[in-house]
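Asker: A single structure is presented below for examination.
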Amino acid sequence: MMATLLSWLSNHGFDITRLRFATRTAIAACIAFVLAWLIGLEHPQWSAMTVWAASQPTRGQLWEKSLFRGLGSISGTIVGVLLVLSMQLHPSLLVIGLALWVGACTYIGNLQRGFVAYGTVLAGYTAAMVSLLDAAHPDQVLGLGADRLATVLTGIVVATLIGSLFAPKAATGELRQKVRALLTDMIAEAASATPSHTRRRQLLSDLAAIEEGLDPHAAGSIRSRQSIRATRTLLIAATPLLLWKHGDSQPEGFRHHLSAASLALADEDIAETLADLKASAETPGLSPRLRETLHTTGAALANWHADPHERRSVATPAKFAPLTVVLHRDWTGAREAGLRAFGALLLFGVLWLVTGWSVGAFMLLGLSVMISLFSTFENPALMMKSVFQGQLAGVIGALILRWLVWPMAETETQMILFALPLILIGPLFVAHNKTVAMSFDYNMVLMLMSQPHWPLTGTFETSVAAGLAVIAAPVAAMGAYLTVYPANLKRRLDTLMTAMLHDLSDLAADPKALQTRSHWQARLYHRTLRLVRLSERAARAQTEAQDAALALLNLGHAAMWCHREAEHQEEPRMAAHEMAISDSDRRAARAALMRLAYLREDPARARATLVKLQARHTGPEAALLREAVSGIDTLTPLLTTLA
C-alpha cells in the first residue's frame, strides 16, 4: 500500500526524498510548537518556525546550522533589547540602529561562507524580530526578549534531537570518488597530444561544480573541515591543467608519464600516481609553469590521500611555493549589499514612524529578512517572485486557520491541535517540483501570523492588513534589488572579472610579489572557478569566461616572470646553459610590469611593451610572453564593457 502511494506521488511530480525529509521536519515543528506552548512561551509558533529554518538533510549540517542559528539568535536578541531601550530616548533611534545593525550583518555575512554567514545574517533580522514586535512594551523588553530567545532555542533543541535520530551522515566516500574520477580525467586530458576544447570545458565545468558544493560536506566536525580543505586545495592546484595549452610544445616524455599517472589514479594507486607525476614534472625541457603545476598537484594529492589523523601539508620542492587556500571574497558585492539593506530599512522605517501604520512593523520585519538573507543569492530579485508566492500562500493559510478553523475551538488546547494539520500540509509544498521554491516561505509565514491566544481577539480587517504588510516586504525588497546596486548574475560576473583585473594590477605593482605568489595563484584559480560556475547560469557564454580566465592567468604568470627578470631571481629553466640577464633586460621587465599595472587604463601600451619584451627572448620565455600578448587581445573588448 505504501509502495503504491509513493509510486503515485513520484509519478505526479513529488520528490520522495524531499517528502521524507519535509515530513520529518513538519513533525518536529509540531512537537516544538506544542512543547513551547506547554512551557508557557508567548509565541510558541516561533519554535515551529525555527525547526523549519534549522533542519538539514544530513547530521553534520544540522549540528552546524543549529549552532550558528543559536549564536545568531543570542546576539540578535541582545541587540534587539538594546534597540527597544534606546527607543525610550527617541523613536528614531530604533529605526536608525536597526538599519545600521542589519546593514552591518548583511555586509559581513556576504563575506563569509556556509552556516557562519547564515548565523551572521540571522543575527541581523533576529534583532528586527525582537525590537519591532516588542516596541510597544519597552517596560517589559527584558522579559519579552528572554521569551523570544527561549522560543528559538526550544525549536533548535527539538530540530537537533529529531534530526540527530533520523538524519544520515554526509556521504563523504561518494564525494572522494567524484574527485578522484575528475582528477583522473583532468590528468588524461592534460597528457593528450590533441586536446579537446569541448572536453576541457566540460571538465572545468565539473570541477567548478564540485568545488562550489564542498562547504556543506565540511559541516559538523573539525575532521570534515580539514578533509574538505584538503579537497579544495587539490582541486585548485589542478585547475591549470585544464586552462593552459600544453600541446606539442612540451617534450614527449611529459605526456608518457602523465598518461601513466592517469591510469594509476584510475586504479586508485596513489603511490604510483605520485611517482608518475614527479617523473612527468622532471622531464627535461618541460615548461617551468607546467613543472610547478605538477609538483603542486602531486603535493596536494598526497595531502588529500593522507590519513585524516596524520594529515599535514606535504612539502613541494623548495624551488616552488606550496599552494595555500585563498578563497574569493566579493568585497564590492558585500559593501553594496550592506548599503542596500541599510538604505531600504532606513527609508521604510522612517515611513513607518511618520505614517504610524499599525502593521508597519510586520512589513519592516519581513523586509529585514528579504533584504539581508537573500542578498547572498546570485539573483535575489528573481527569488522574490517565489518568495512572494510562498508568503501569499502562507497568509491565506493563516487567515483560514484564524477565521475558519480556530473559531470552532473552545479552548486554547484545541487551537493548538487545530493548527497542526496546516503545519503538516507543508511537506506537500516542499516535495512537489512546482511548489518547492515557495514552500519555505509558506511554512514560515503561516506560523508567523498564527498566534494562539485564547480567547480570540482582533478583527478580520486587522488580520488582512497584517497579511498585506507581510507580502509587501518581498515587493519592496525586489524594488531595492532592481534599483539599488542591481543584484544579478551579469553584475556579479562583471564584479568578479574586475576583482581579477585588480589582482593582476596589484601583482604587477607589488615589489614583494615573488614572496606571495602562492597566495596570488590560489586566489586567482579560485576566482577562475567561480567565474566559470557563474558564467554557466548567465547569458555570457562559458567559453568567453574561460578565455578571460586563461588570459588573466597567462598575464599573471608573465608578470611573475618579469618580477624574476627584474630582480634576477632564477627558477628552473628549459636550458641549463642560459645566459645571464643583462641590465637592459631587467629594465625591459620593469617597464612591462609598469604597463601591466595599468592594463585597464591603457591595454594598447601594455601590449606593445610585451611585444618588445618578447622579441628579446626565445624558447619558453617567448612562448609565455606571446600567450600574454594574446591574453591582452582577449581582454581588450571586455575592458571596454567593464570601464
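Asker: What pairs come out if I take residues in segment 604-616 that are over 11 Å from Met594 (Cα atoms) and pair them with residues that are open to solvent by 40 Å² or more (accessible area, probe 1.4 Å) whose C-beta lies under 7 Å away, six or more apart or interchain?
Answerer: So the pair list comes out as Gln614/Arg626.
Asker: Take Ala628 and decide whether it is within 10 Å of Ala558 (Cβ to Cβ), open to solvent by less than 50 Å² (accessible area, probe 1.4 Å), assigned to a helix (DSSP H, G or I) and in contact (Cβ under 8 Å) with a residue 60 or more places away in the chain.
Answerer: Numbers: within 10 Å of Ala558 (Cβ to Cβ): yes; open to solvent by less than 50 Å² (accessible area, probe 1.4 Å): yes; assigned to a helix (DSSP H, G or I): yes; in contact (Cβ under 8 Å) with a residue 60 or more places away in the chain: yes.
When the stated conditions are applied, Ala628 passes them.
For (1) of a type outside the set (Ser, Thr, Tyr); (2) in a helix (DSSP H, G or I); (3) closer than 26 Å to Gly333 by Cβ, each residue gets a yes or a no:
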residue: Val34; (1), (2), (3): yes, yes, no
residue: His43; (1), (2), (3): yes, no, no
residue: Ser47; (1), (2), (3): no, yes, no
residue: Trp52; (1), (2), (3): yes, yes, no
residue: Gln56; (1), (2), (3): yes, no, yes
residue: Ile78; (1), (2), (3): yes, yes, no
residue: Ser92; (1), (2), (3): no, yes, no
residue: Ile96; (1), (2), (3): yes, yes, yes
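Asker: The conditions are (1) open to solvent by 10 Å² or more (accessible area, probe 1.4 Å); (2) polar (S, T, N, Q); (3) under 29 Å from the mean Cα position of the chain (by Cα), and Ser372 fails exactly one of them. Which is it?
Answerer: Failed condition: (1).
Asker: Follow-up question, since we're still on this one. If I filter segment 159-171 for residues that are at pLDDT 90 or above and under 25 Å from Val326 (Cα atoms), do I get at least one hit? Walk me through it before giving the result.
Answerer: Taking segment 159-171 and keeping what is at pLDDT 90 or above, we get 159-162.
Cutting the leftovers down to under 25 Å from Val326 (Cα atoms) gives us none.
No - not one qualifying residue is present in segment 159-171.
Asker: Then there is this: Without any contact (Cβ under 8 Å) to a residue 24 or more places away in the chain, assigned to a loop (DSSP other than H, G, I, E, B) and farther than 18 Å from Tyr525 by Cβ: is that true of Thr198 in this structure? I'd like the intermediate steps shown before the answer.
Answerer: Values: without any contact (Cβ under 8 Å) to a residue 24 or more places away in the chain: yes; assigned to a loop (DSSP other than H, G, I, E, B): no; farther than 18 Å from Tyr525 by Cβ: yes.
When the stated conditions are applied, Thr198 does not pass them.
Asker: Mind counting the residues in segment 157-188 that are crowded, with 19+ Cβ neighbours inside 10 Å and not in a helix (DSSP H, G or I)?
Answerer: So the answer is 2.
Conditions (1) open to solvent by 10 Å² or more (accessible area, probe 1.4 Å); (2) not polar (S, T, N, Q), marked per residue:
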| site | (1), (2) |
| --- | --- |
| Pro44 | no, yes |
| Thr50 | no, no |
| Ala53 | no, yes |
| Ile74 | yes, yes |
| Val84 | no, yes |
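Asker: Something else about it: Does Val369 satisfy being within 23 Å of Ala117 (Cα to Cα), modelled with pLDDT of 90 or more and among the β-branched types (Val, Ile, Thr)?
Answerer: Values: within 23 Å of Ala117 (Cα to Cα): yes; modelled with pLDDT of 90 or more: yes; among the β-branched types (Val, Ile, Thr): yes.
Taking the combined requirement at face value, the residue satisfies it.
Asker: Let me ask something else. Can you list the helices (runs of 4 or more DSSP H) found entirely within segment 233-350 that contain at least 1 residues being buried (at least 17 other Cβ atoms within 10 Å of the Cβ), at pLDDT 95 or above and touching a strand residue (DSSP E or B) at 6+ places or on another chain (Cβ under 8 Å)?
Answerer: Numbers: elements: 240-243, 252-266, 270-281, 288-305.
It comes to none.
Asker: If you check Gly119, Gly124, which single one turns out to be more than 27 Å from Leu353 (Cα to Cα), open to solvent by less than 20 Å² (accessible area, probe 1.4 Å) and part of a helix (DSSP H, G or I)?
Answerer: Details: Gly124 fails: more than 27 Å from Leu353 (Cα to Cα).
Among Gly119, Gly124, only Gly119 is more than 27 Å from Leu353 (Cα to Cα), open to solvent by less than 20 Å² (accessible area, probe 1.4 Å) and part of a helix (DSSP H, G or I).
Asker: Picking from Gln521, Gln546, which residue would you name as being over 26 Å from Pro380 (Cβ atoms), within 23 Å of the chain's Cα centre (by Cα) and crowded, with 23+ Cβ neighbours inside 10 Å?
Answerer: It is Gln521.
Asker: Something else now. Go through segment 206-232 residue by residue and tally those that are within 27 Å of Leu286 (Cα to Cα) and open to solvent by 10 Å² or more (accessible area, probe 1.4 Å).
Answerer: Of the residues in that region, 1 qualify.
Asker: Suppose we filter segment 23-42 for residues that are open to solvent by 10 Å² or more (accessible area, probe 1.4 Å), in contact (Cβ under 8 Å) with a residue 12 or more places away in the chain and not hydrophobic (A, V, I, L, M, F, W, C); how many remain? Spell out the reasoning first.
Answerer: Taking segment 23-42 first, the residues open to solvent by 10 Å² or more (accessible area, probe 1.4 Å) are 23-24, 27, 30-31, 34-35, 37-42.
From what is left, the residues that are in contact (Cβ under 8 Å) with a residue 12 or more places away in the chain are 23-24, 27, 30-31, 34-35, 37, 39, 41-42.
Checking which are not hydrophobic (A, V, I, L, M, F, W, C) leaves us with 23-24, 42.
Count: 3.
The values are calculated or read from the model by the stated rules, or taken from the named source; none is laboratory data. This is a predicted model, so every value here is computed, not measured. Cβ atoms come from the backbone with ideal geometry, glycine included; neighbour counts cover every protein chain shown. Note: areas computed on protein heavy atoms with side chains; ligands, DNA, RNA excluded. Shrake-Rupley method; radii C 1.70, N 1.55, O 1.52, S 1.80 Å.
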